Amino acid sequence: MLNLTHCEPPDSYFIASWDMIGKAGVWAHFGSWDFQRADIWRYLKNEPETTAVQYMVENFNMSASTARDLYFQARSIRDDNQANAWVAPWPSYSGGPSGCSERSDLLTCQSGLQVNTTSWEAFFLTPQGIAMPKVLAVMDRTGVTVHEFSGSSVQDVGVTLLYDGNSYSALLSHPNLAGGIFTRMYFMRGHGLKYFDLIDTETNIFGGGEIFVYKIDWGGRDTYLRPEVVEPVVKAGSEVAVDYIGYFSNNTVFDSSIRNWQLKNVTWESALEDSSPLRFKIGQGQVIQGFEEGLLGLKESNEKTIEVPPEKGYGMDVSSHPLANKTLFFRVRVASIS
């Protein structure tokens, strides 16, 4: 359309602000408008069944059974208010994001939501049993992935999993909003968008809510991915590979992932090269506590020196381990995170 009406597309902007969250029911109602249902209510409900069904089959690409079902739904509506709700829902958000804790492959959120981060199955534990939302939208390294559950027992609930590079939070809403543009603009700060370029962020002086200003990129660009989402950090459940040199306070090396480190006379300052990384999963107790805790929050290729006191290393009992009752130091580099 722009090619036919403009030599150059006009500059256009879009604002996603905190006050639009509370108004979602109104703007999302019109954004969800079902023009086919509107036509059925306005023009077809008073037509003979055969005429109305044939029109819907030919013009709306419906099956006869679907057309017939919609025809009788429209016939049962008694006033414009009912018709308005039938044509389009009133989608809204159910409060703000709630925090989630992660253990192994399971996210447990304050809202009662639980999510398996391997299969991305989502469910609520209720007194009546397990209830599944209709939609789960997840921020990931490629953008936003939307999972729909055909066996949903809570048809009017959608969930958005937000990620800040360190932890998840869950946002409950109507399913139409879970992976929608405004959710991506406001709550995801542009993650997964292709035609909107975030050019400014402000804080409202009344109430402190955020305001995001986007300029429309008519030609499209590479999908915007927030760096903290694309670049994973070490956290509970991460599978990591780590290059390291372990040494005492007097700089004597006692262990390293560098191959044949004893023969190479590796020192605490040696380059972390020709290494066979230590691989383990965070939170499984596969390495000493202080070593694991020192890695949290690091990204791939990050280097750090970790100091591990005896109580977070091998304990105080010298008879239990050769490295007990010693403060240990590790120069580490995160080789990979998955």
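Some points to look at:
- Taking the chain and dividing mean pair separation by its residue count, relative contact order in percent (alpha carbons under 8 Å, at least six apart): 13 percent
- Any cysteine of the chain lacking a neighbouring Cys Cβ under 4.7 Å - listed by number: Cys7
- Gyration tensor (alpha-carbon) shape descriptor, region 108-256, a/c threshold 1.5: oblate
- Partners for Lys264 among aspartates and glutamates (Cα-Cα distance below 15 Å; same-chain residues under 8 apart left out): Asp255, Glu273, Asp274
- Region 2-87 shape via C-alpha gyration tensor axes, a/c threshold 1.5: oblate
- Classification of region 239-337 by its C-alpha gyration tensor yields an oblate form. The axis ratio a/c (a ≥ b ≥ c) is 1.5 or more, and b/c is at least a/b.
- Loop-located trypsin sites (Lys or Arg not before Pro) in region 78-162 whose Cβ has at most 13 other Cβ within 10 Å (DSSP): Arg78, Arg141
- Toward the positive end of the charge dipole of the chain, with +1 on the Cβ of Lys and Arg and -1 on the Cβ of Asp and Glu, the farthest Cα among Ala64, Leu125, Ser111 is that of Leu125.
- The chain: antiparallel DSSP beta bridges as a percent of all, rounded to 5: 95 percent
- This model, with +1 at the C-beta of Lys and Arg and -1 at the C-beta of Asp and Glu, gives the chain a dipole about its Cα centre of some 380 debye.
- Each of Asn81 and Glu121 was given a label point 7 Å from its Cα along the Cα-to-Cβ line. The distance between the two points is 4.3 nm.
- Take the Cα of Ser320, step 7 Å toward its Cβ, do the same at Val213, and the gap between the two points is 6.0 nm.
- Simple spin-label estimate for Glu47 and Leu106 in nanometres, 7 Å along Cα-Cβ: 5.4 nm
- Ordering of 181-194, 270-283 by packing [mean C-beta count within 10 Å, highest first]: 181-194, 270-283
- For the chain, adding -39500 (n - 2.57) for each run of n ≥ 4 DSSP H residues and dividing by the number of residues yields -5500 deg cm²/dmol at 222 nm.
Every number in this text was worked out from the coordinates using simple rules, so none of it is lab data. Remember, it's a predicted structure, so these values are computed and weren't measured experimentally. Please note: Cβ atoms are built from the backbone with ideal geometry, for glycine as well, and neighbour counts cover all protein chains shown.
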